[in-house]
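Since the structure comes first, as structure tokens, the remarks are kept for the end.
Taken together, the values in this text are just the output of simple stated rules run on the coordinates, not laboratory data. Keep in mind that what you see is a predicted model, and the values were worked out from it rather than measured. All Cβ positions, even for glycine, are placed from backbone atoms using ideal geometry, and neighbour counts span all protein chains on display.
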Amino acid sequence: MAVYNYKDDLTATVQELSHAYEELSLLYRMAGMFASLSIDDICSRMVDEAIDSIGVKTAAVLLLDEKTGVLHTKISRGAWDNTRTYSRDAEVFWKTIRTRKPSAFCRLAETPYRDDIPGVRSLLVCPIQGKGRTIGTIAVADKEGNQEFFSSDTKLLMAISSQAGLSVENAMLYAELEGLLLGAIRSLVKALEATSHWTAGHTERVTEYALAIGRVLNLEADMLEKLKISALLHDIGKIATPREILNKNDALSEQELIEIKKHPGVGAEILGEMVKFNEVILCIKYHHEHWNGKNGIFGLKYEEIPLLARILSVADTFDALTSDRPYRPRRNREEAIQEIRRCSGSQFDPSVVGAFIAWVSTTTLPHQAL
């Protein structure tokens, strides 16, 4: 009877994830001047630029939800109702979407569209174009000094929307693909946790703790994203650990402990196909190293250990201490904090412990860490 090889199957899945991640990276590189910004940040910059360039009191970016066919406000400044959505009946916007041309209303109250945007005197609307489709509109209202909109204003607003349109679309695609990638990673993690009743929920909690520590340390957004992926995948190497060891109800023997200690290296080996994940791979490989270089797996010490691995080490240990294990009951919150304090400077980087203490003293934790 053939034996199912979990490791080979997981490696193939990781290869597919690697291709998806490379596609994400390409999208980001191609996004021009807005490459490193989120959808919110791009839209916010569009609004600020429109207000500064055209000299209006109010501006808003509305994005189209293709599932519902409704426009909703993403970002706005000034006298704009952010809660209101606009269906196809709101001709003031939908005319612009259908024609892909700007529309100007210098006296909106004298048009059939006066009820679409109450309280606005004048309005200029331009489409936001993606690649072959309109993804929303940008609207500005009420020029300073009650001036009318001129053709130069239209050109400026079109320039802003044209510059940002592809970037907004790319950011949407990036967010969608990122969601698919993280969903696939979470599916792998659930499959792993299903093999051991002792570790259910462990990964999500460690991810939450690690990100909280990372934010206290003021990590950049891209490093927080790598930390998130590292935390989600940090125990993936346990897929190769015999289930009888993972589910053992007694304390582990010395040989079994040696087997367990292989999982960071195995995880790094499995993820080796993901060439764009180098920092993630190193974080996973070294997250059980000790700050002083003693009792670790690979013998690294101090700054030789990647910062992400040092953060993950504290987060992982805190959850382990506050969770039940077959060989000991969980510790309460204060006992776990004191243990991490005690190991600061030996097992853990003192600066990471400081960030952990700063976070944990001001937050309410899940039931596992009461």
**OP:** Give K238/K294; K261/K285; K226/K285; K74/K228; K262/K294 a once-over and call out the pairs whose C-alpha atoms are over 19 Å from each other.
**Re:** K238/K294; K74/K228
Subject >> Expected-Rg normalisation [2.2 N^0.38 Å, Cα atoms] applied to the stretch 32-172 >> reply: 0.95
Subject >> Alpha carbon convex hull of the stretch 236-318, volume per residue in cubic angstrom >> reply: 99 Å³
**OP:** Considering Cα pairs under 8 angstrom that are at least six residues apart, work out the relative contact order of the stretch 197-369 and quote it in whole percent.
**Re:** 24 percent
Original post:
Rounded to the nearest 20 Debye, what is the dipole magnitude of the stretch 32-172 about its Cα centre when Lys and Arg each give +1 and Asp and Glu each give -1 at the C-beta?
Top reply: 380 debye
